[in-house]
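Below is one structure, written out as structure tokens; comments come after it.
The values are calculated or read from the model by the stated rules, or taken from the named source; none is laboratory data. Just so it is clear, the model here is predicted, and its values are computed rather than measured. Cβ placement follows ideal geometry from the backbone for every residue including glycine, while neighbour counts extend to all protein chains displayed. The protein model used for the area step is the full one, side chains on, heavy atoms only, and it has no ligands, DNA or RNA in it. Shrake-Rupley method; radii C 1.70, N 1.55, O 1.52, S 1.80 Å.
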Amino acid sequence: MMSTSLLDQLAAEESLQSAWALLRKENEDSYGLSGVTIKDFGENLDSNLNQISKELRSRTFRFSHTRAAVIKKDNGKYRPLQIPEIRDRVVLKAMAILLEEQLGGILSKSEGVSFAYQRGKGVRDALLKMKSSYLQGGKVILKADIINFFEEVQKDKLLTSLIYPNLTDESINKLIDESMSQKLGGLKRLNKHRKLFKNAGKGIPQGNPLSPLLSNIYLSDFDLQLKEAGYAIVRYADDFIVIFKSDEDAKNGYEEITALLKSKYSLMIHPLGDTEGKTVIINPAENDFSFLSVKFDGDNIYPSIATVGYLKHQIKRIIKNGKLDAKLFAEIYEVIEKWIAIYSYLDIERYFDQIDEYLVSQLTKAFGVRKYKISKCNDLAQQKRAKQHDKSTTSFWRNPALINILPKFMRYKVKPIPEINI
């Protein structure tokens, strides 16, 4: 019995449906160069997927030009993106799913090191690993990021040495190659930022649903080498930290890692002491340290005050636009509980009094002085953590390795949200 080719697996409408389901669709108005939005595509989903399937099977599918776009980074600079058409995104996502299965052995080299773009992993896992590794004897942390990583990836080496030899057949090789070489359009509209796209076509394109997977594959041997050398490393895409027991160890480690990235991967990290502070050696117990937008003081990991500011902004907006009734409080608690859910594994207790007091002050400002019986953050957090704990036997709250890493919370019945006296 002949096995199904990779192209046939990719072209199956079930595969395309799965890709569509996993595609990011938060912004229904997201679009490619043609202007077709996610919402537009979804309105004729079955027909669109059927057409894509036919084109893939007949080998007539062609990737369209991408749309040039930019997003503002935390440091105020802009990141260039190459946004594919919606139909292309479906195919690229389906390819990513298929390649992740095919290349699982390569990706497994990064186990315990890489946490971005990995199924079942994320920021939470990276931060908890950082704290765990540090508590095992760390004193200083080398924090670094790779300069222009996506542009500097050696695409030919990635495809010919790591991807193609490890696939069960060659039926999608051409599609993979074409997906990494899509032409770019829409630059006239971005005249102010055109220089950001001077390297378009080099490396792997940011904005392509396949690129995150390929970036992890490219760095899989790097992750393995550092693990085998005994480094306590946590990598999230092109940002990484390494935990050391002394400043001297950290400086030596910086030199070794820099040399490895340059010689084997043609990649560079920012030099120590650069003006932007992108590569630093820090004792988090003595100096302000942030990784993945979360703070660490050598003992506790906690959200930045900026996240509290955003939560306050949401509370203020709801109160300003609402009436003093049960619906208003339901909306307020919804945004607070969402914030708690996102950061539940962190030390968020430090902000609870501040948030509670802000809520009461905004209610008083909008509706006058009275006794507001609010449900406090501490009770909401107890409730949310208990739900996360009870949701699954594999909940991170039940992981024995994290007992001393996660915040403590009492497993008791939480007070119900009080009735609103209006």
Requested in this report: Hey, can you tell me all the residues within segment 173-197 that are farther than 20 Å from residue 86 by Cβ and either open to solvent by 40 Å² or more (accessible area, probe 1.4 Å) or in contact (Cβ under 8 Å) with a residue 24 or more places away in the chain (or both)?
Outcome: 174, 177, 187, 188, 190, 191, 192, 193, 194, 195, 196, 197
Query - Answer residue from segment 255-295, given it is surrounded by fewer than 17 Cβ atoms within 10 Å (Cβ to Cβ) and at positive phi and is farthest from the chain's Cα centre (by Cα) among those - result: 273
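Which one is nearest to residue 339 (Cα to Cα) among residues in segment 289-304 that are in contact (Cβ under 8 Å) with a residue 40 or more places away in the chain and not aromatic (Phe, Trp, Tyr)?
Looking only at segment 289-304, we keep the residues that are in contact (Cβ under 8 Å) with a residue 40 or more places away in the chain, and these are 289, 291-294, 296, 298, 300-303.
Imposing the further condition that a residue be not aromatic (Phe, Trp, Tyr) reduces the set to 292-294, 298, 300-301, 303.
Values: 292: 16, 293: 15, 294: 14, 298: 23, 300: 18, 301: 16, 303: 10 Å.
Taking the candidates together, the pick is 303.
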**Report entry** Number of the exception - residue 278 against (1) among the basic types (Lys, Arg); (2) under 25 Å from residue 145 (Cα atoms); (3) not in a loop (DSSP other than H, G, I, E, B)
**Finding:** (3)
Requested in this report: Could you run through segment 296-306 and say how many residues are within 23 Å of the chain's Cα centre (by Cα) and either buried (at least 17 other Cβ atoms within 10 Å of the Cβ) or small (Gly, Ala, Ser) (or both)?
Outcome: 6
Report task. Determine which member of the set 380, 402, 363, 359 is within 22 Å of the chain's Cα centre (by Cα) and open to solvent by less than 30 Å² (accessible area, probe 1.4 Å). Result -> 402
Query raised in the report: Limited to segment 307-343, what total is found for residues that are buried (at least 16 other Cβ atoms within 10 Å of the Cβ), outside any helix (DSSP H, G or I) and in contact (Cβ under 8 Å) with a residue 60 or more places away in the chain?
Result: 1
Requested in this report: Among the residues of segment 153-172, write down those that are part of a loop (DSSP other than H, G, I, E, B), open to solvent by 70 Å² or more (accessible area, probe 1.4 Å) and hydroxyl-bearing (Ser, Thr, Tyr).
Outcome: 168
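Taking the condition of being outside any strand (DSSP E or B), under 22 Å from residue 206 (Cβ atoms) and open to solvent by 50 Å² or more (accessible area, probe 1.4 Å), how many residues in segment 124-146 meet it? Walk me through how you get there before you give the answer.
First, the residues of segment 124-146 that are outside any strand (DSSP E or B): 124-139.
This time we only want the ones that are under 22 Å from residue 206 (Cβ atoms), so: 126.
If we keep only those that are open to solvent by 50 Å² or more (accessible area, probe 1.4 Å) too, we end up with none.
Residues in segment 124-146 being outside any strand (DSSP E or B), under 22 Å from residue 206 (Cβ atoms) and open to solvent by 50 Å² or more (accessible area, probe 1.4 Å): 0 in total.
Picking from 211, 215, 266, which residue would you name as being among the hydroxyl-bearing types (Ser, Thr, Tyr) and in contact with a Lys or Arg (Cβ under 9 Å, 6 or more places away or on another chain)? Break it down into steps so the answer makes sense when it comes.
Values: 211 fails: in contact with a Lys or Arg (Cβ under 9 Å, 6 or more places away or on another chain); 215 fails: in contact with a Lys or Arg (Cβ under 9 Å, 6 or more places away or on another chain).
Within the list 211, 215, 266, the selection yields 266.
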Query raised in the report: residue 28 is checked against (1) out of contact with any helix residue (DSSP H, G or I) (no Cβ under 6 Å at 6 or more places or on another chain); (2) over 23 Å from residue 163 (Cβ atoms); (3) open to solvent by 60 Å² or more (accessible area, probe 1.4 Å) and fails just one. What number does that condition carry?
Result: (1)
Query raised in the report: So which residues in segment 92-117 are of a type outside the set (Ser, Thr, Tyr), open to solvent by 30 Å² or more (accessible area, probe 1.4 Å) and not in a helix (DSSP H, G or I), if there are any at all?
Result: 111
**Report entry** Candidate set: segment 60-82, residues that are within 24 Å of residue 171 (Cα to Cα) and loosely packed, with under 12 Cβ neighbours inside 10 Å; chosen: the one farthest from the chain's Cα centre (by Cα)
**Finding:** 60
Report task. Give the number of residues within segment 366-422 that are modelled with pLDDT under 90, out of contact with any Ser or Thr (no Cβ under 8 Å at 6 or more places or on another chain) and either under 21 Å from residue 130 (Cα atoms) or among the aromatic types (Phe, Trp, Tyr) (or both). Result -> 5
Report summary line: A careful count of residues in segment 198-254 that are in a loop (DSSP other than H, G, I, E, B) and either open to solvent by 10 Å² or more (accessible area, probe 1.4 Å) or within 24 Å of residue 120 (Cβ to Cβ) (or both) gives 20
